[in-house]
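Chemist: The following block contains the structure, expressed as structure tokens.
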Amino acid sequence: MAKHKKKSSEPTREPEEARKEPIVSEPDDTPETESTDSSQPPKDPAPNQIETTEKDRKLNKLFWLRVALAVIAGTIATFIFEDIEGEERRWASIGFMIIVFAGTIVVAKGMKMQLPSSDRKKIVTQGIGSYIFLYLFTWIVTYTIVHSGSATSGINI
């Protein structure tokens with residue numbers, strides 16, 4: 001069976017009874033809204049909002065620093081590990097990537113971001129995915145471009 005909402009108003013009275021007694025309505029339980037006076041200037045942003053924007057600005061700066069370093073370090077890795085052959089080149093490049101990322105953590109701590117204890121891991125996690133993928137992408141593309149002329153098979157440019 002369907003449940004129906006109970007009516008909160010009194011039942012309808014006969015027209016003769018309505019003339020005798022005035023119906024008194026019950027007060028609403030809804031709160032009054034604040035009136036907005038447009039003559040007052042808007043208030044300054046709260047200190048929390050200022051701190052939040054400064055924190056976001058610094059985290060944004062950290063993200064773009066990591067993106068730029070990923071591209072630069074990926075390109076550098078192509079040339080500094082040229083003498084290493086085979087599997088060791090790959091592991092050396094990954095180690096270099098980790099060392100550069102650890103350097104960005106040190107730089108981030110030097111920025112003196114005022115983060116709550118729940119957001120402390122943002123120093124490490126901010127932009128980590130972009131950093132890893134851009135580093136690997138740049139490393140692979142630059143390696144391919146540099147060694148494309150020496151390939152024995154495939155298309156030579």
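Chemist: Taking Gly95 and the conditions (1) at pLDDT below 95; (2) out of contact with any helix residue (DSSP H, G or I) (no Cβ under 9 Å at 6 or more places or on another chain), which numbered condition does it fall short on, given that it satisfies the others?
Modeler: (1)
Chemist: Which numbered condition in (1) surrounded by 12 or more Cβ atoms within 10 Å (Cβ to Cβ); (2) not in a helix (DSSP H, G or I); (3) not hydroxyl-bearing (Ser, Thr, Tyr) is the only one that Arg66 fails?
Modeler: Unmet condition: (2).
Chemist: Turning to a different aspect of this structure: If you check Tyr135 against the conditions, is it surrounded by 10 or more Cβ atoms within 10 Å (Cβ to Cβ), among the aromatic types (Phe, Trp, Tyr), within 22 Å of the chain's Cα centre (by Cα) and within 17 Å of Asn60 (Cβ to Cβ)?
Modeler: Values: surrounded by 10 or more Cβ atoms within 10 Å (Cβ to Cβ): yes; among the aromatic types (Phe, Trp, Tyr): yes; within 22 Å of the chain's Cα centre (by Cα): yes; within 17 Å of Asn60 (Cβ to Cβ): no.
No.
Chemist: Continuing with the same structure: Within region 74-105, track down each residue that is aliphatic (A, V, I, L, M), in a helix (DSSP H, G or I) and surrounded by fewer than 18 Cβ atoms within 10 Å (Cβ to Cβ).
Modeler: Result: Ile76, Ile80, Ala92, Ile94, Ile98, Ile99, Ala102, Ile105.
Chemist: Taking region 72-116, which residues are closer than 13 Å to Thr142 by Cβ and not aromatic (Phe, Trp, Tyr)?
Modeler: Matches in region 72-116: Ile72, Ala73, Gly74, Thr75, Ile76, Ala77, Thr78, Ile80, Glu82, Ser93.
The values are calculated or read from the model by the stated rules, or taken from the named source; none is laboratory data. What you are looking at is a predicted structure, and each value in this text was computed from that prediction instead of being measured. Note that we place each Cβ from the backbone using ideal geometry, even for glycine, and neighbour counts take in every protein chain shown.
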